[in-house]
Every structure is written in structure tokens, then in C-alpha cells.
Amino acid sequence: MPFLRRIKLYVIGVLLGSVLVYGLFHNRIPSWLPATIIKEELREWPLLFTKHASCRMECRDISEAEISMILEEGDVIFSKSRVRDKPCPSYAIEGTTEDGQFVRIVFAKCDSITRVVTAIDLGVKHDCDCN
């Protein structure tokens, strides 16, 4: 088989393989990525809203459904997370709510409960009395 024909078949094979891989994995985040694993672990247990988080949510007009949506679709911000905290590491997850608020929700992974520690509206400053 001539050299040019082999090159041509090789290029066609690589292109077909690339199209196949793209078609199979397009818009899928591999479940082995750290952020995906963290969010799966946090969703595994029931949510417990701390008193502080409930106060912040009420003040900033963030619902429990929006918290669940951020946990599902948000981005884990490892620079704002405290993954080495004992006994409950905490993870900051940012995202946009249904009404357009850009928020950061801090979750703590404790035993068999996912605690919602606080809810922060990153776009608007609110005066909340949650002490």
C-alpha cells in the first residue's frame, strides 16, 4: 500500500474517532472530576439549614429550592472552601438563582448531613441582622 494512501486512511480514522468521542461525551462532565465528586457527596445527604443560613436566606430572598439548584448546577470554588476543616469540611459553591442573583452558598459535609452554613449574594450588599 502506498505511503500517501496509508496517511490518508490514518487521518480519516483519527477524524472519525474524534467525531465519535465528541458525540458521545459532548456536554458531559466526567464524574471523576473533584468538583463533581464533591457535589455528588453533598447531594447524597439531607440538607440541614443552620440558623445563620436561614436568616441570611430570608434577608437575601434566597429560597431552599434555589439552594438545591445551586448545589446541583453551581461551581465549586476551592479557593473559598475549607476542605481540611475537621470534623466538617466546608465547600463554597457559586451560581445564579432563578431570579438572577449571583450567590455563594457554603455547605459543610458532616457525617450523614449536609449543612447549609451561609448564603451570600455576591451582587448586592444586604444589611442583615443575623448575629
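The values are calculated or read from the model by the stated rules, or taken from the named source; none is laboratory data. No experiment lies behind these values; they were computed from the predicted model shown. Note that each Cβ is placed from the backbone with ideal geometry, even for glycine, and that neighbours are counted across all protein chains shown.
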With the condition kept exactly as written, say whether any residue in the stretch 74-85 is within 26 Å of C130 (Cβ to Cβ), of a type outside the set (A, V, I, L, M, F, W, C) and modelled with pLDDT under 90. yes
Evaluate the following for E58: is it under 16 Å from T118 (Cα atoms), outside any loop (DSSP other than H, G, I, E, B) and in the same structural domain as V106 (by TED's automatic domain parsing)? yes
Of the conditions (1) within 14 Å of the chain's Cα centre (by Cα); (2) assigned to a strand (DSSP E or B); (3) within 24 Å of C130 (Cβ to Cβ), S68 fails just one. Which one is it? (2)
Looking at the stretch 95-131, which of its residues are over 15 Å from R60 (Cα atoms), surrounded by 14 or more Cβ atoms within 10 Å (Cβ to Cβ) and charged (D, E, K, R)? K109, R115
Would you call L47 among the aliphatic types (A, V, I, L, M), within 23 Å of the chain's Cα centre (by Cα) and surrounded by 10 or more Cβ atoms within 10 Å (Cβ to Cβ)? yes
So A35, is it at pLDDT 90 or above and surrounded by 10 or more Cβ atoms within 10 Å (Cβ to Cβ): no
On the given criteria, is K109 in the same structural domain as E40 (by TED's automatic domain parsing), assigned to a strand (DSSP E or B) and at pLDDT below 95? yes
Considering (1) outside any strand (DSSP E or B); (2) within 15 Å of the chain's Cα centre (by Cα), say which one D85 fails and leave the rest. (2)
Condition met for D61 (among the acidic types (D, E) and surrounded by fewer than 18 Cβ atoms within 10 Å (Cβ to Cβ)): yes
